[in-house]
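Down below is the structure, laid out as structure tokens.
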Amino acid sequence: MTLVDAQRTHLWKPLLHEVAAGSFDPAEHALEYMVHATRHGIDFRLGTMERIDRSQHQVWLAPVIDREGNEILARRSVAYDTLVLAVGSVANDFGVPGVAEHCWFLDTLHEAKRFQRRLLDALLRFAGRAVTDPTAELRVAIVGGGATGVELAAQLHRVSRVLAQYGLEALQPERRIRISVLESGPRILPGLPPRMSASVTRELERIGISVRRAARDWRRCRCPAVG
Ligand SMILES: Cc1cc2nc3c(=O)[nH]c(=O)nc-3n(C[C@H](O)[C@H](O)[C@H](O)COP(=O)(O)OP(=O)(O)OC[C@H]3O[C@@H](n4cnc5c(N)ncnc54)[C@H](O)[C@@H]3O)c2cc1C
């Protein structure tokens, strides 16, 4: 049995919002595919599948390139008798104009780390501005009130408070950082029973997170940091 993956390590995707908020170190918890494969008696091939040759029963992997642009592994093929495709999925932007260009997505570890870096930069920048502008606010809008959106909102709320204790007092998160969850349906967490949606909504609002339901036309919401 041969396992092919474009990444060297696996991180359980439901942890990505914690990576994005900076409250989880992926290096400590990611699973090394080479170790995993050796322990379970399977072969691991690092590479991005770029083509399937059904007539020859071969999967072609793109060259693996390092950060400096040097080739580590050349283009290769892996033979198969039975092929299982389990390449996962990515967020749907539903064709809403501007989303693909301006929103930050949370589909991969790379995106989660980039989110974390940009978040920290945004908070540092804002803390600098807040010193001279007492009316400044930082607004974060999260599109989607499913488990990821709700958990991310709670994590961002927590992280902004932690940072305020570590020298960024100017953040004054309870007054100046506005987090909104925009949900197109009538309630957040639509996969859970209504009473749970109601209690989570109450809890989010209690800690100052705004929950906007039926926010189908969220392009017009006054939240410039959507995504
Ligand atoms: C932020 C977030 C939170 C979530 N929270 C939950 C939760 O709480 N509970 C829950 O049940 N589900 C949750 N999910 C959904 C869950 O993570 C997915 O349903 C699950 O990861 C799907 O598993 P998969 O193996 O099909 O795909 P993935 O986990 O996406 O794995 C696909 C793999 O294919 C590799 N790959 C993709 N394209 C190629 C290619 N061309 N060549 C080689 N390799 C490739 C990728 O590197 C990846 O390792 C969450 C998802 C996200 C994004």
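Some points to look at:
- Selection status of Leu85, at pLDDT 90 or above and under 30 Å from Arg161 (Cα atoms): no
- Scanning the stretch 89-123 for residues that are open to solvent by 60 Å² or more (accessible area, probe 1.4 Å), under 26 Å from Gln172 (Cβ atoms) and modelled with pLDDT of 90 or more turns up Arg117, Arg118, Leu120, Asp121.
- Subset of the stretch 149-175 [under 24 Å from the mean Cα position of the chain (by Cα), open to solvent by 30 Å² or more (accessible area, probe 1.4 Å) and not charged (D, E, K, R)]: Ala154, Gln155, His157, Val162, Leu163
- Checking Phe115 against (1) in contact (Cβ under 8 Å) with a residue 60 or more places away in the chain; (2) within 25 Å of Pro190 (Cα to Cα), the condition it does not meet: (2)
- All positions within the stretch 15-33 that are touching a residue at least 60 places away in the same chain (Cβ under 8 Å) and out of contact with any Leu (no Cβ under 8 Å at 6 or more places or on another chain): Glu18, Ser23
- Test: Gly145 is within 16 Å of the ligand (Cβ to nearest atom), part of a loop (DSSP other than H, G, I, E, B), at pLDDT 90 or above and not assigned by TED's automatic domain parsing to the domain that holds Lys13: yes
- Any hit, the stretch 128-139, residues being crowded, with 17+ Cβ neighbours inside 10 Å, over 19 Å from Leu11 (Cβ atoms) and either modelled with pLDDT under 90 or within 16 Å of the ligand (Cβ to nearest atom) (or both): yes
- Considering residues of the stretch 1-14 that are more than 25 Å from Ile52 (Cα to Cα) and open to solvent by 40 Å² or more (accessible area, probe 1.4 Å) only, the residue farthest from the ligand (Cβ to nearest atom): Trp12
- Residue check, Arg54 within 26 Å of Asp81 (Cβ to Cβ), outside the structural domain of Gln116 (by TED's automatic domain parsing) and free of Cβ contacts under 8 Å to residues at least 12 places away in the same chain: yes
- For the stretch 191-207, a residue qualifies if it is modelled with pLDDT of 95 or more, assigned to a loop (DSSP other than H, G, I, E, B) and not hydrophobic (A, V, I, L, M, F, W, C), and exactly one does: Pro193.
- Matching residues, the stretch 143-161, being of a type in the set (Val, Ile, Thr) and free of Cβ contacts under 8 Å to residues at least 60 places away in the same chain: Val150
The values are calculated or read from the model by the stated rules, or taken from the named source; none is laboratory data. Since the structure is predicted, the reported quantities are computational estimates derived from the model, not experimental observations. Please note: Cβ atoms are built from the backbone with ideal geometry, for glycine as well, and neighbour counts cover all protein chains shown. Keep in mind that these areas ignore ligands, DNA and RNA; they rest on the heavy atoms of the full protein, side chains included. Shrake-Rupley method; radii C 1.70, N 1.55, O 1.52, S 1.80 Å.
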